[in-house]
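The block underneath contains the structure these notes are about, expressed in structure tokens.
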Amino acid sequence: MGATLRALRALVLLAGFHLLGLLLLALLGALDWVAWRWAPAVWALKTYALSFVLAVPVVRGMLMLRTPRDEGVAGVPVTEAEEPRLWAAVRELAGRVGTRAPDEIRLTADMNAAVTEDARLLGLRGGTRRLYLGLPLVAGLPEARLRAVLAHELGHYANSDTRLSGITERSRLHVARTVGRFEEKSGLKVAKERARQERKSARRVAKGKTAKEVDTTGAGFSYRVMARIYTAYGRFSMRATQSGSRRQEIAADLAAARIAGRDATASALRALPALDTAHEFYLNSYATLGVEFGMLPPHGEVFGGVRHLLDARAEELAGMRAELPTEPATPYDSHPPTAERVATIESLPDDGRSAEEDRPAFALFASPEAALRAVEDATLTPEALSMRRLDWPELVHASMTARYVRDTEPLRTAITELPGTRDDRAAGEGTALDLGLGLAIARQTEAFLDAVDTGAVWDLVDRLPKSEEAAAATGRAAREFARSSLRRELARLLTTALTADGRARWQLSWSAPASLLLPDGYADELPAALDAAIADRPDTEPLRKLLATGGAL
């Protein structure tokens, strides 16, 4: 389908949104007329009020004549003077694709690249072109594959995709905002009805009666119906444009293969799903490991640290690249399944250009570290930017130690409630490893071992949270659940005590989870010592000896 037909289709879908609004307004007007002619005055007034509140979101959506602009454009802009090699590569690729180069290049924190154009007159006139380039993506690709990705994005300019996307985006925003307004109104009605019923139930309880179950099924029903109508139209619009959008992606892939080479393009497509998964894992398991405790990696490493993970897990990523997704990411994804895209490219004749590993894509940057720091400063919240910065090894140790201190808080609080036990909670507040907290944990560990010796530990463990299966168990099964819980809680408490006094340390690993480095001999003796402490005739002496020996690492 050519650009003219695609533009016509987009305009028809946009017009369909307004026609739907007119139809709904006509139905509401007909309902008011019926109420005026035949309904009692009270019911007629209620009908007029309902029609009015339903019509307002419809009219507001129809009057939204243009796509709202964001207050600020995402990303950090880089000039040609700042990054001459990157700009030269983009201009060269744009010339080979046969299109005008972007007016701006903006660096982002995403594992992605994208292009936009502020087209005017419903796409008939071009506007400011922007290329968004995610630095994590740059970190994960060699230069040849990044060139293939850039050629793909520039191919969208050559095919007028970015101009016409504005019309489709406007239709999608109209639908989304109208649905959002109806859902907001429905939520308010549900909340209001829930509050009313809860107040009524409270009055019944105050009179000694049984409270009725809160039921908000009917609240906001009319709003939900209207939202479903527009949601159905939105799905129809996405289905109508999906096949065309996917053809545009294939066309951009073919342009990339022509410019950057068949093998480099196919290799880049294979890498993208694996890189996306690795990036998400990195953010969850490394970059934000210490955020809840007010700690972050060094400046520039929040997004740049993914390089260490990609290097350490190269073999794992190679296996992921071989298993391509055969289904789209979402039912209405504008991109075809990756396996289909790769098969299309690999079916092309060999052009003699291999996809051998070449220099890293960051070679296109004058200063990768400066770029990473700039994106980090522009992306993170002021609260995040004010957090304490630690080198990776220290960040892993401090974060894991703080997590264990926090997770053992329920147990340590229960320990202070044992008869004759000193209450160290004031000294051990928080999760920061200071001297007071370390001493408190040491005393609490001793008190826990004393409780094991006296048998009081079983009542203590019984007060801790349990799984549904453990809570329902009785007899011997309950005893075994309690024994397993005792061993787990004791191991966690000992780990906390050993890291608090410096005898154990959490070690960073980019290829595996963080591991706990124990003093010599501890790893061999600790399992047997734990088993002895939870036996039918408990013996805490082996654990006490371990705690009494060994200096700081």
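Taken together, the values in this text are just the output of simple stated rules run on the coordinates, not laboratory data. In this text the structure is predicted, and so the values were computed from the model without any measurement. Backbone-built Cβ (ideal geometry, glycine too); neighbour counts: all protein chains shown.
Annotation for the range 292-325: GluC sites (Glu not before Pro) lying in DSSP loop with at most 14 further Cβ atoms inside 10 Å of their Cβ are E323. Under 5 Å from the amide H of I105 lie the amide H atoms of V78, L131, each residue being 5 or more positions distant or on a separate chain, with H modelled from the backbone and absent for Pro and chain starts.
For the cross-link pairs K46/K189; K46/K212; K189/K212, the ones whose C-alpha atoms lie over 21 Å apart are K46/K212.
So what is the relative contact order for the range 390-548, in percent, with contacts set as C-alpha pairs under 8 Å and at least six apart?
25
Inter-label distance, R247 to W38: 4.9 nm, where each label sits 7 Å from its Cα along the C-beta direction. Note: the range 212-304, Cα convex hull, 221 Å³ per residue.
The ellipsoid that matches the Cα gyration tensor of the range 390-548 has semi-axes, each √(5λ) in whole angstrom, of 26, 18, 16, with the longest given first. Taking each residue as 0.36 nm, the span from D536 to A491 lengthens on full extension beyond its C-alpha to C-alpha distance by 14.4 nm. Extension gain, A512-D377: 0.36 nm per intervening residue step, less the Cα-Cα distance, totals 45.7 nm. With the highest mean first, a sort of the peptides 86-96, 101-111 on other beta-carbon atoms found within 10 angstrom per residue produces 101-111, 86-96.
Modelled spin-label separation between V214 and E346, with each label point placed 7 Å from Cα along the Cα-to-Cβ direction: 5.5 nm.
If the segment from F281 to L23 were pulled out straight at 0.36 nm per residue, it would be longer than the present Cα-Cα gap by 88.1 nm.
Rounded to 0.05, the FRET efficiency of the V56 and D118 pair, given R0 = 41 Å and the Cβ-Cβ distance, is 0.85.
Taking a straight line from the alpha carbon of K545, these aspartates and glutamates sit under 16 Å away, with near neighbours fewer than eight places off in the same chain left out: E446, D450, D453, D501, D520, D524, E525, D531.
Label-to-label distance for A366 and H299 is 1.9 nm, based on points extended 7 Å past Cα in the beta-carbon direction.
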